[in-house]
Amino acid sequence: AAQTITGDKTFYYRFKKAGFCDVIGTLNLVFKASTPTALGDSYTVCQGSSITLNAETTYTAWSWKKGTTEISTTNTATLTGGVYTIAFTNASGCVFRKTITITESPKPVWNLAVFNGVNCDDNFDGIIPVNLNLITPQIITNASFFTVEYFADNALTIPLPNNWSYSTDTTIWVRASSTLCPPEVRQINFKFGNNLALIDS
(Lines give C-alpha, C1' and ligand atoms only; values in the text may rest on other atoms or scores of the structure.)
Protein backbone atom coordinates (compact mmCIF):
# COMPACT_ATOMS: atom_id res chain seq x y z
CA ALA A 1 0.00 0.00 0.00
CA ALA A 2 2.94 2.35 0.59
CA GLN A 3 4.09 4.12 -2.56
CA THR A 4 6.93 6.60 -3.19
CA ILE A 5 6.31 9.02 -6.00
CA THR A 6 8.71 11.49 -7.60
CA GLY A 7 6.27 12.97 -10.08
CA ASP A 8 2.64 12.88 -11.16
CA LYS A 9 1.33 9.30 -11.19
CA THR A 10 -1.86 7.50 -12.04
CA PHE A 11 -3.09 4.42 -10.15
CA TYR A 12 -6.02 2.15 -11.05
CA TYR A 13 -8.19 0.53 -8.42
CA ARG A 14 -10.85 -2.17 -8.17
CA PHE A 15 -13.24 -2.52 -5.24
CA LYS A 16 -14.85 -5.93 -4.90
CA LYS A 17 -17.76 -7.02 -2.70
CA ALA A 18 -19.74 -10.24 -2.92
CA GLY A 19 -23.13 -9.73 -4.49
CA PHE A 20 -22.15 -6.39 -6.03
CA CYS A 21 -20.52 -5.41 -9.29
CA ASP A 22 -16.85 -4.40 -9.15
CA VAL A 23 -16.11 -0.69 -8.98
CA ILE A 24 -13.14 0.24 -11.11
CA GLY A 25 -11.64 3.71 -11.14
CA THR A 26 -8.62 5.92 -11.55
CA LEU A 27 -6.62 7.70 -8.86
CA ASN A 28 -4.48 10.57 -10.10
CA LEU A 29 -1.76 11.75 -7.72
CA VAL A 30 -0.30 15.18 -8.47
CA PHE A 31 3.22 15.67 -7.18
CA LYS A 32 3.73 19.15 -5.75
CA ALA A 33 7.08 20.05 -4.18
CA SER A 34 7.82 22.53 -1.43
CA THR A 35 9.28 25.88 -2.44
CA PRO A 36 12.75 26.66 -1.03
CA THR A 37 13.44 30.07 0.46
CA ALA A 38 16.33 32.32 -0.54
CA LEU A 39 17.21 32.90 3.13
CA GLY A 40 20.69 31.74 4.11
CA ASP A 41 21.62 29.06 6.62
CA SER A 42 23.48 31.45 8.94
CA TYR A 43 23.92 35.13 9.72
CA THR A 44 26.25 37.02 12.06
CA VAL A 45 25.28 40.05 14.14
CA CYS A 46 27.05 42.18 16.72
CA GLN A 47 26.77 40.79 20.24
CA GLY A 48 23.46 41.86 21.77
CA SER A 49 22.05 42.98 18.42
CA SER A 50 19.38 41.48 16.17
CA ILE A 51 18.70 40.98 12.49
CA THR A 52 15.38 41.26 10.66
CA LEU A 53 14.84 38.61 7.99
CA ASN A 54 12.15 38.75 5.33
CA ALA A 55 10.84 35.57 3.74
CA GLU A 56 9.14 35.51 0.38
CA THR A 57 5.56 36.80 0.36
CA THR A 58 4.61 34.08 -2.14
CA TYR A 59 4.15 31.65 0.76
CA THR A 60 0.75 31.33 2.38
CA ALA A 61 1.97 30.67 5.94
CA TRP A 62 5.16 31.22 7.92
CA SER A 63 6.45 29.80 11.20
CA TRP A 64 9.68 30.94 12.88
CA LYS A 65 10.63 29.08 16.05
CA LYS A 66 13.48 29.21 18.55
CA GLY A 67 13.29 25.86 20.28
CA THR A 68 9.58 25.40 20.91
CA THR A 69 8.84 29.13 21.13
CA GLU A 70 7.10 30.69 18.15
CA ILE A 71 8.84 33.94 17.20
CA SER A 72 6.71 35.02 14.26
CA THR A 73 3.92 33.81 12.01
CA THR A 74 4.41 36.47 9.33
CA ASN A 75 6.95 36.69 6.55
CA THR A 76 9.15 38.94 8.76
CA ALA A 77 11.03 37.96 11.91
CA THR A 78 13.56 39.78 14.10
CA LEU A 79 16.13 37.29 15.38
CA THR A 80 18.87 37.48 17.99
CA GLY A 81 21.67 34.98 18.61
CA GLY A 82 20.59 31.33 18.53
CA VAL A 83 19.27 28.52 16.34
CA TYR A 84 15.88 28.84 14.66
CA THR A 85 13.71 26.45 12.69
CA ILE A 86 11.47 27.78 9.97
CA ALA A 87 8.51 26.20 8.21
CA PHE A 88 7.08 28.04 5.20
CA THR A 89 3.95 26.75 3.44
CA ASN A 90 3.43 27.37 -0.27
CA ALA A 91 0.20 27.65 -2.24
CA SER A 92 0.14 23.88 -2.82
CA GLY A 93 0.16 23.25 0.92
CA CYS A 94 3.70 21.90 0.86
CA VAL A 95 5.95 22.95 3.75
CA PHE A 96 9.62 23.89 3.35
CA ARG A 97 11.69 23.53 6.52
CA LYS A 98 15.23 24.58 7.38
CA THR A 99 17.43 25.71 10.25
CA ILE A 100 18.90 29.22 10.50
CA THR A 101 21.74 29.99 12.90
CA ILE A 102 22.35 33.54 14.15
CA THR A 103 25.90 33.93 15.48
CA GLU A 104 26.94 36.86 17.66
CA SER A 105 30.19 38.64 16.87
CA PRO A 106 31.75 39.59 20.24
CA LYS A 107 32.30 43.06 21.59
CA PRO A 108 35.73 43.86 23.03
CA VAL A 109 36.32 42.71 26.61
CA TRP A 110 38.31 45.53 28.20
CA ASN A 111 40.69 44.76 31.03
CA LEU A 112 41.84 48.27 31.93
CA ALA A 113 41.55 47.77 35.67
CA VAL A 114 44.66 45.59 35.73
CA PHE A 115 46.67 47.69 33.27
CA ASN A 116 49.71 49.37 34.77
CA GLY A 117 51.14 52.13 32.59
CA VAL A 118 53.92 53.10 35.02
CA ASN A 119 57.33 52.46 33.47
CA CYS A 120 60.93 53.22 34.36
CA ASP A 121 63.42 55.28 32.39
CA ASP A 122 66.01 52.52 32.50
CA ASN A 123 68.77 54.34 30.59
CA PHE A 124 68.11 57.79 32.10
CA ASP A 125 67.67 59.48 28.71
CA GLY A 126 64.23 60.91 29.57
CA ILE A 127 62.43 58.70 27.02
CA ILE A 128 60.52 55.48 27.68
CA PRO A 129 59.91 53.22 24.65
CA VAL A 130 56.68 51.19 24.48
CA ASN A 131 55.68 48.41 22.09
CA LEU A 132 51.94 48.96 21.74
CA ASN A 133 51.49 45.49 20.21
CA LEU A 134 52.40 44.09 23.63
CA ILE A 135 49.89 46.37 25.35
CA THR A 136 46.92 45.20 23.25
CA PRO A 137 46.43 41.70 24.77
CA GLN A 138 46.80 43.21 28.25
CA ILE A 139 43.92 45.65 27.86
CA ILE A 140 41.59 43.63 25.54
CA THR A 141 41.30 39.97 26.47
CA ASN A 142 39.71 38.99 23.12
CA ALA A 143 41.85 41.31 20.99
CA SER A 144 42.22 38.79 18.14
CA PHE A 145 38.67 39.64 16.97
CA PHE A 146 39.44 43.34 16.46
CA THR A 147 41.56 45.88 14.69
CA VAL A 148 43.19 47.82 17.53
CA GLU A 149 44.64 51.28 16.92
CA TYR A 150 46.23 53.87 19.20
CA PHE A 151 45.92 57.63 18.94
CA ALA A 152 47.55 60.64 20.56
CA ASP A 153 44.30 62.65 20.63
CA ASN A 154 40.72 61.96 21.65
CA ALA A 155 39.51 63.00 18.18
CA LEU A 156 41.39 59.93 16.89
CA THR A 157 43.18 61.89 14.16
CA ILE A 158 46.81 61.32 15.18
CA PRO A 159 47.64 57.60 14.92
CA LEU A 160 50.58 56.25 16.91
CA PRO A 161 53.14 53.76 15.57
CA ASN A 162 53.46 50.37 17.25
CA ASN A 163 56.93 51.31 18.49
CA TRP A 164 56.04 54.45 20.38
CA SER A 165 57.72 56.37 23.19
CA TYR A 166 56.85 59.05 25.71
CA SER A 167 58.90 61.59 27.60
CA THR A 168 56.28 62.84 30.07
CA ASP A 169 53.17 61.44 31.70
CA THR A 170 50.86 60.88 28.75
CA THR A 171 47.28 59.82 27.94
CA ILE A 172 46.55 57.98 24.71
CA TRP A 173 43.33 56.59 23.22
CA VAL A 174 42.65 53.05 22.05
CA ARG A 175 40.09 52.15 19.38
CA ALA A 176 38.89 48.56 18.86
CA SER A 177 37.00 48.00 15.61
CA SER A 178 35.34 45.03 13.94
CA THR A 179 33.27 44.59 10.80
CA LEU A 180 29.97 44.06 12.64
CA CYS A 181 30.14 46.03 15.88
CA PRO A 182 30.55 49.80 16.29
CA PRO A 183 34.09 50.79 17.33
CA GLU A 184 34.75 51.26 21.04
CA VAL A 185 37.26 53.79 22.41
CA ARG A 186 39.04 53.84 25.77
CA GLN A 187 41.92 55.87 27.17
CA ILE A 188 45.00 54.60 28.94
CA ASN A 189 47.69 56.50 30.86
CA PHE A 190 51.43 56.10 30.78
CA LYS A 191 53.55 57.53 33.58
CA PHE A 192 57.16 57.75 34.71
CA GLY A 193 58.05 55.62 37.70
CA ASN A 194 59.69 57.34 40.65
CA ASN A 195 63.48 57.42 40.58
CA LEU A 196 65.33 56.29 43.65
CA ALA A 197 67.62 59.03 44.93
CA LEU A 198 71.22 57.95 45.53
CA ILE A 199 72.79 58.67 48.90
CA ASP A 200 76.18 59.31 47.22
CA SER A 201 76.87 60.52 43.74
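Could you check segment 155-171 and list, in sequence order, the residues that are among the hydroxyl-bearing types (Ser, Thr, Tyr) and surrounded by 11 or more Cβ atoms within 10 Å (Cβ to Cβ)? Spell out the reasoning first.
To start, the set of residues in segment 155-171 that are among the hydroxyl-bearing types (Ser, Thr, Tyr) comprises 157, 165-168, 170-171.
Those that are among the hydroxyl-bearing types (Ser, Thr, Tyr) and surrounded by 11 or more Cβ atoms within 10 Å (Cβ to Cβ): Ser165, Tyr166, Ser167, Thr170, Thr171.
Would you be able to say whether some residue in segment 4-15 is loosely packed, with under 10 Cβ neighbours inside 10 Å, modelled with pLDDT under 95 and not hydroxyl-bearing (Ser, Thr, Tyr)?
Yes, segment 4-15 has at least one match.
How many residues does segment 172-192 contain that are out of contact with any Asp or Glu (no Cβ under 8 Å at 6 or more places or on another chain), surrounded by fewer than 16 Cβ atoms within 10 Å (Cβ to Cβ) and without any contact (Cβ under 8 Å) to a residue 40 or more places away in the chain?
3
Might you let me know whether segment 141-163 holds any residue that is touching a residue at least 40 places away in the same chain (Cβ under 8 Å), over 30 Å from Ser42 (Cβ atoms) and not basic (Lys, Arg)?
Looking for residues that are touching a residue at least 40 places away in the same chain (Cβ under 8 Å), over 30 Å from Ser42 (Cβ atoms) and not basic (Lys, Arg), one finds none in segment 141-163, hence no.
Just one of Thr73, Thr89 is surrounded by 14 or more Cβ atoms within 10 Å (Cβ to Cβ), hydroxyl-bearing (Ser, Thr, Tyr) and either at pLDDT 95 or above or over 30 Å from Thr141 (Cβ atoms) (or both); which is it?
On inspection, the qualifying residue turns out to be Thr89.
Out of all the residues in segment 158-179, is one or more within 30 Å of Ile71 (Cα to Cα) and of a type outside the set (Val, Ile, Thr)?
Checking segment 158-179: at least one residue is within 30 Å of Ile71 (Cα to Cα) and of a type outside the set (Val, Ile, Thr).
Taking segment 1-33, which residues are under 49 Å from the mean Cα position of the chain (by Cα) and small (Gly, Ala, Ser)? Working first, answer last.
Our first condition is that a residue be under 49 Å from the mean Cα position of the chain (by Cα); within segment 1-33, this holds for 1-9, 28-33.
Correct list: Ala1, Ala2, Gly7, Ala33.
Which one of Ala91, Ala77 is in contact (Cβ under 8 Å) with a residue 12 or more places away in the chain, among the hydrophobic types (A, V, I, L, M, F, W, C) and assigned to a loop (DSSP other than H, G, I, E, B)?
Within the list Ala91, Ala77, the selection yields Ala91.
Any idea which of Ser49, Ser34, Ser63 is farther than 27 Å from Leu180 by Cβ and part of a loop (DSSP other than H, G, I, E, B)?
After ruling out the rest, the residue left standing is Ser34.
Would you check if there is a residue in segment 99-108 being open to solvent by 60 Å² or more (accessible area, probe 1.4 Å) and part of a loop (DSSP other than H, G, I, E, B)?
yes
The values are calculated or read from the model by the stated rules, or taken from the named source; none is laboratory data. What you see is a predicted model; the values in this text were computed from it and never measured. Reconstructed Cβ throughout: ideal geometry from the backbone, glycine too, with neighbour counts over all protein chains shown. We work out accessible area using only protein heavy atoms, side chains counted, and drop any ligands, DNA or RNA first. Shrake-Rupley method; radii C 1.70, N 1.55, O 1.52, S 1.80 Å.
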